[in-house]
Amino acid sequence: MRRNFSGKLWRVENSDAFALNDNVEGSLEDIDILNQFADLTADPLITNTRASQLYSDLIFRHFSHALPVPAQFVGRFKPEFYTRNAFYGGLKLSTAVYEASYYFMKERMHLPEATSVTASKISFNVDFSDPNALDVQNHPHVLLLTNRRTWADSWVFIKTVTTDSVVYPSARHTEGFCVLCYEIGFLATTTSTPETLNFVYDREKEMCIVFKGRSAIETIHWRTVS
């Protein structure tokens, strides 16, 4: 279904300040290699455009990867070799937290039992508006398009339609919705002020507790998002 759709898109992700601490183990040389790799994945024809000067880096970085889409940047509705980059967001902060918690826990499940790990992330939102958004919540194959374990059906589907954005039910957060935006012009140029969230993973209990300051805002069990 096509419809005029607007709202705030929430994201939870590593900030530049926290990303290396959260994901890289090793020497400063290792970190330098990672930074060089990040530079190589950006397309200079994209990063040197006027949009790169207008948009917050929290937004623009999602549109700066070299095209067609390389294997490491595939996602739901964004298959390998696709010709468009995209920005993903949840319509609620809680949805973005649930989506992020899945990957946070998945990357740490190899840790010994009874191990607790904490990582800092940031949350922010950006205004979005598309007068002709594609909403698939009532699509007859929506369960396949939002399958938790594979993106394959969404890849087949997106190659059959022409759209600048997709509104779809979250695969991780019951009753939550996500938006995929291929067109940077449908996003505001700036975001809300990023706020720090602390994710705490308890391997023994297979759950993640998310704190904002000293207050726990979500407790998420692996079985609810996997």
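Compute the label zone of GLU183 within the stretch 54-84: residues whose backbone N is under 15 Å from the point 7 Å along Cα-to-Cβ.
Flagged as within label range: 84.
Report the label-to-label distance for THR174 and ARG149 in nanometres (one decimal), using points 7 Å from each Cα along the Cα→Cβ vector.
2.0
List the lysines whose alpha-carbon lies under 30 Å from that of LYS159, not counting same-chain residues fewer than 8 positions away?
LYS8, LYS78, LYS92, LYS106
Once you place label points 7 Å from the Cα toward the Cβ at THR162 and HIS141, how far apart are they in nm?
Each label point is offset 7 Å from its Cα along the Cβ direction, giving 2.1 nm.
Sort ARG214, ARG61 by Cβ crowding within 10 Å, fewest neighbours at the top.
Starting with the residue having the fewest Cβ neighbours, the order is ARG214, ARG61.
Just rank LYS205, LYS121, fewest to most, by other beta-carbon atoms within 10 angstrom.
Listed from fewest to most nearby Cβ atoms, that is LYS205, LYS121.
To the nearest 0.05, what FRET efficiency results for ALA71 and VAL117 with a Förster distance of 30 Å applied to their C-beta separation?
Taking R0 as 30 Å, the efficiency between ALA71 and VAL117 is 0.65.
So between ARG84 and GLU195, what do we pick up on full extension, going 0.36 nm a residue minus the alpha carbon distance?
37.1 nm
Between the stretch 167-226 and the stretch 62-105, how far is it from one alpha carbon centroid to the other, in angstrom?
Computed from Cα coordinates, the inter-centre distance equals 13 Å.
Can you tell me the Rg and the Dmax, both Å, for the Cα atoms in the stretch 67-166?
Cα only, the stretch 67-166: 15.9, 49 Å (Rg, Dmax).
Based on other C-beta atoms within 10 Å, arrange TYR201, TYR102 from fewest to most.
Ascending number of Cβ neighbours within 10 Å: TYR102, TYR201.
Residues with beta-carbon under 12 Å from that of THR191, excluding THR191: net charge, scoring Lys, Arg +1 and Asp, Glu -1?
Neighbour charge sum, excluding THR191 itself: -1.
Rule-based calculations on the coordinates, nothing more; no lab input. Model, not experiment: these values are computed from the prediction. Counting neighbours? That spans all protein chains shown, and the Cβs are built from the backbone with ideal geometry, glycine included.
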